[in-house]
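**Q** Dropping the structure in here first, questions after.
The values are calculated or read from the model by the stated rules, or taken from the named source; none is laboratory data. Just so we're clear, the structure is a prediction, and the values are computed from it rather than from any experiment. As a convention, Cβ positions derive from the backbone with ideal geometry for all residues, glycine included, and neighbour counts pool all protein chains shown.
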Amino acid sequence: MRSKLIERIRKLLAVGNKEKNPYEEEVNTALALAKKLMAEHNLTLSEVEVKQSGDDDIDKVFSKEYGKIRFWQKTLALVVAKIFQVKSIQYPLYKRGIMILFVGYREDSKIAKEVYEYLVDYIKLLGKKAESDRKRRTSYYEGLMERLWERANEEVLLDRMNTVKCRTIVVAKEHRIKDWLTENMKLKPANNKYISRKDFYRDSYEKGRKDANNIDLRNRNKINRS
């Protein structure tokens with residue numbers, strides 16, 4: 001518990017670094033919250049040991065897969081991007097399909113990539129185990145992705161409700177990522193909307209929705225393998 005608290009304070013202090021963060025309101029909010037937490041838990045600055053890793057710099061990270069990316073993989077990228085507060089981009093490759101690209105704070109992008117890649121492999125196996133028929137498997141993925149998208153929205157909303165004081169930080173982060181994309185990339189983030197295909201076998205679809213509730217979207221080490 002104490003280690004998680006210290007890590008949270010470290011991130012707040014990183015956001016509050018005036019040399020790296022041009023948004024004054026975000027800097028002031030982050031520093032005020034960090035100081036408040038340190039005072040409440042009797043922590044000194046030396047105990048927190050502020051990291052100078054540049055984790056709050058904006059960075060882009062490519063996923064390992066490329067080529068024909070299926071609809072459910074594109075949706076999964078949107079789900080992961082929403083959870084980790086990054087942007088998902090479908091990066092075109094000349095005559096070789098696309099790659100999924102995550103853009104955001106360095107540590108957020110890295111974790112999003114790792115979780116996404118792990119979930120792609122896991123869900124492929126899950127789908128083959130659940131449905132041997134390809135068409136039914138497509139319906140299974142449809143239900144699973146729709147429920148994961150719902151859960152991502154529910155979790156993000158709950159987080160923002162529970163951390164009202166950090167809302168300014170979240171909004172400022174979104175603006176920083178948007179500004180970085182405008183300056184460094186011509187590509188636009190993937191459409192932030194789940195679109196149902198509506199061509200499914202109902203029982204396979206419902207099975208996918210049910211299985212989606214057993215997937216931990218935040219920690220790849222806690223994904224239910226049963």
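**Q** Can you name the number of the only condition in (1) at pLDDT below 85; (2) within 18 Å of M145 (Cα to Cα) that G97 fails?
**A** (2)
**Q** Now, a different point. For I69, only one of the following conditions fails: (1) within 17 Å of the chain's Cα centre (by Cα); (2) farther than 30 Å from I6 by Cα; (3) β-branched (V, I, T). What is its number?
**A** Checking I69 against (1) within 17 Å of the chain's Cα centre (by Cα); (2) farther than 30 Å from I6 by Cα; (3) β-branched (V, I, T), the one that fails is (1).
**Q** Output the number of residues of the range 72-91 satisfying the condition of being surrounded by 24 or more Cβ atoms within 10 Å (Cβ to Cβ) and in a strand (DSSP E or B).
**A** 2
**Q** Something else about it: Out of all the residues in the range 76-102, which are under 12 Å from the mean Cα position of the chain (by Cα) and either under 19 Å from E142 (Cα atoms) or aromatic (F, W, Y) (or both)?
**A** Correct list: L76, A77, L78, V79, V80, A81, K82, F84, F102.
**Q** Report yes if some residue within the range 92-111 is of a type in the set (F, W, Y), in a strand (DSSP E or B) and out of contact with any helix residue (DSSP H, G or I) (no Cβ under 6 Å at 6 or more places or on another chain); otherwise report no. Break it down stepwise before answering.
**A** The initial filter retains those residues of the range 92-111 that are of a type in the set (F, W, Y), namely 94, 102, 105.
Next, only the ones that are in a strand (DSSP E or B) stay: 102, 105.
In the following step, the residues that additionally are out of contact with any helix residue (DSSP H, G or I) (no Cβ under 6 Å at 6 or more places or on another chain) were identified as 105.
Looking for residues that are of a type in the set (F, W, Y), in a strand (DSSP E or B) and out of contact with any helix residue (DSSP H, G or I) (no Cβ under 6 Å at 6 or more places or on another chain), one finds at least one in the range 92-111, hence yes.
**Q** Report, by residue number, each residue of the range 108-142 that is among the aliphatic types (A, V, I, L, M) and either more than 18 Å from A81 (Cβ to Cβ) or touching a Cys at 6+ places or on another chain (Cβ under 8 Å) (or both). I'd like the intermediate steps shown before the answer.
**A** Of the residues in the range 108-142, the ones among the aliphatic types (A, V, I, L, M) are 111-112, 115, 119-120, 123, 125-126, 130.
Across the range 108-142, the qualifying residues are L125, L126, A130.
**Q** Continuing with this model, one more query. For the range 103-114, name all the residues that are acidic (D, E), over 9 Å from the mean Cα position of the chain (by Cα) and within 22 Å of L12 (Cα to Cα).
**A** So in the range 103-114, the residues acidic (D, E) come out as 107-108, 114.
Narrowing the set further to residues that are over 9 Å from the mean Cα position of the chain (by Cα) leaves 107, 114.
E107, the sole residue that qualifies.
**Q** Could you identify the single residue in A152, A81, A112 that is in contact with a Ser or Thr (Cβ under 6 Å, 6 or more places away or on another chain) and under 25 Å from G208 (Cα atoms)? Reasoning before the result, please.
**A** On the way: A152 fails: in contact with a Ser or Thr (Cβ under 6 Å, 6 or more places away or on another chain); A112 fails: in contact with a Ser or Thr (Cβ under 6 Å, 6 or more places away or on another chain).
One residue alone meets the criteria, A81.
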